[in-house]
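Worksheet for the structure shown next.
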Amino acid sequence: MRHTVSRLSLRLFGGIAAASLLAFSATAQAGKTLDSIRQKGSIQCGVSTGVAGFSLPDSQGNWSGFDVDYCRALAAAVLNDPSKVTFTPLNSQQRFAALQSGEVDVLARNTTWTLTRDASLGLQFAAITYFDGQGFLVPKKLKITSAKQLKNAEICVQSGTTNEKNLADYFRAQNIKVRTVVFEGFEASFKAFFSGRCQAYTTDVSGLAGLRNKEAKNPDDYVVLPEIISKEPLGPAVRRGDDEWLAIVKWVAYGLIEAEEAGLTQANADAWKATSKDPVVQRLLGTGEDSGKLLGLDREWLYRGIKAVGNYGEIFERNVGPNSVLKLPRGVNRLWNQGGILYAPPVR
Ligand SMILES: N[C@@H](CCC(=O)N[C@@H](CS)C(=O)NCC(=O)O)C(=O)O
């Protein structure tokens, strides 16, 4: 008897599972974040308070940068308009609370994916959009050529960052004593460094490039030391509990990477849309299989993102690449088939 009941309930359960699977494969549910974004008509994007190359407002309050472009692509994909983003500047300390409380829909702010953040802050990282590492910036006149020469030096760092902890770990492991000078605000931290309060400044190398090339009076007076003391995989994060929104944030990032892999650019998107017979390109542009439907979006979601800001490589070049103010080499952030580690799962 028990046997029969359990077989019956098993079959019943199987039926329900199959039905919901069917429902899922037709179209994705619009999650609550996507619903509220559609209602507000804009995406609330949490960015840094002003790191050159990543997110910086001009005198009119127009934001630009790598993280800003990502949010614009997201707005183009979701709301058909890259300008429908409101940027919330957040310092290192404020960023996670702002995401947890719902003040921002997505955090796109040179934020490192770590186990602790992933497992204990009620958030989820969607993708890695920039592989970075922590380094040191020092004035050339000190003639320091290695971090190992920083014994007893004062080192400026911002609180609430991975950098603060890595700094302590690194010098403890090296058995070198340094004095850490911690600041809550970014501007206060780098102004202190540039005025000579510290002999070194430490953060992600991308942040150091922003400081040196944008904030220093004379960039040539400063040098980045050769030691890279950590892994800083940076990428957008969302609140936990909304898988549909997580999927959109993830696939816009991966879609822009795959667009570069396919050779699809801001400039050729329209022409390719009209003529390309390549199924990979057709999927990316929405002229082939409809990938948008599965994300709760329309078929041209990624086409609009590419039109708005270009593919991953174009975003990199414009904001942080060798010809930008930051002058950063593409390095490990090249595509996997060009010697880098950037690898997007297929948009299909
Ligand atoms: N990737 C590191 C560091 C990120 C970080 O907050 N860096 C500082 C120094 S470049 C920053 O962006 N400050 C800007 C701000 O607080 O607005 C992390 O996630 O903790």
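The values are calculated or read from the model by the stated rules, or taken from the named source; none is laboratory data. The model shown is predicted, which means the values in this text are computed figures rather than measured ones. Please note: Cβ atoms are built from the backbone with ideal geometry, for glycine as well, and neighbour counts cover all protein chains shown.
Tally the residues that are over 20 Å from residue 186 (Cβ atoms) and of a type in the set (D, E, K, R), restricting the search to segment 97-136.
Looking only at that region, the number is 2.
When you scan segment 180-194, do you find a residue that is within 12 Å of the ligand (Cβ to nearest atom), part of a loop (DSSP other than H, G, I, E, B) and at pLDDT 95 or above, even just one?
There is at least one residue in segment 180-194 that is within 12 Å of the ligand (Cβ to nearest atom), part of a loop (DSSP other than H, G, I, E, B) and at pLDDT 95 or above.
Output the residues belonging to segment 96-111 that are within 16 Å of the ligand (Cβ to nearest atom), surrounded by fewer than 24 Cβ atoms within 10 Å (Cβ to Cβ) and either under 16 Å from the mean Cα position of the chain (by Cα) or within 14 Å of residue 121 (Cβ to Cβ) (or both).
96, 97, 98, 100
Suppose the filter is in a loop (DSSP other than H, G, I, E, B) and either modelled with pLDDT under 95 or touching a Gly at 6+ places or on another chain (Cβ under 6 Å) (or both); does residue 15 pass it?
For residue 15, the condition - in a loop (DSSP other than H, G, I, E, B) and either modelled with pLDDT under 95 or touching a Gly at 6+ places or on another chain (Cβ under 6 Å) (or both) - is not met.
I need the full set of residues from segment 313-330 which are under 16 Å from residue 260 (Cβ atoms) and either outside any loop (DSSP other than H, G, I, E, B) or in contact (Cβ under 8 Å) with a residue 24 or more places away in the chain (or both), in order please.
313, 314, 315, 316, 317, 318, 319, 320
Run residue 92 past the list (1) among the small types (Gly, Ala, Ser); (2) more than 10 Å from the ligand (Cβ to nearest atom); (3) assigned by TED's automatic domain parsing to the domain that holds residue 241 and report the number of the one that doesn't hold.
Answer for residue 92: the failing condition is (2).
Determine whether residue 124 is part of a loop (DSSP other than H, G, I, E, B), modelled with pLDDT of 95 or more and either near the ligand (Cβ under 10 Å from one of its atoms) or within 16 Å of residue 45 (Cα to Cα) (or both).
Considered against the rule, which asks whether it is part of a loop (DSSP other than H, G, I, E, B), modelled with pLDDT of 95 or more and either near the ligand (Cβ under 10 Å from one of its atoms) or within 16 Å of residue 45 (Cα to Cα) (or both), residue 124 comes out as no.
Taking the criterion of being buried (at least 23 other Cβ atoms within 10 Å of the Cβ) and away from the ligand (no atom under 16 Å from the Cβ), would at least one residue in segment 202-212 satisfy it?
no
From (1) farther than 28 Å from residue 32 by Cβ; (2) assigned to a helix (DSSP H, G or I), pick out the condition that doesn't hold for residue 308.
With (1) farther than 28 Å from residue 32 by Cβ; (2) assigned to a helix (DSSP H, G or I) applied to residue 308, the lone miss is (1).
Taking residue 132 as the residue in question, decide whether it is at pLDDT 95 or above and away from the ligand (no atom under 13 Å from the Cβ).
No: the conditions fail for residue 132.
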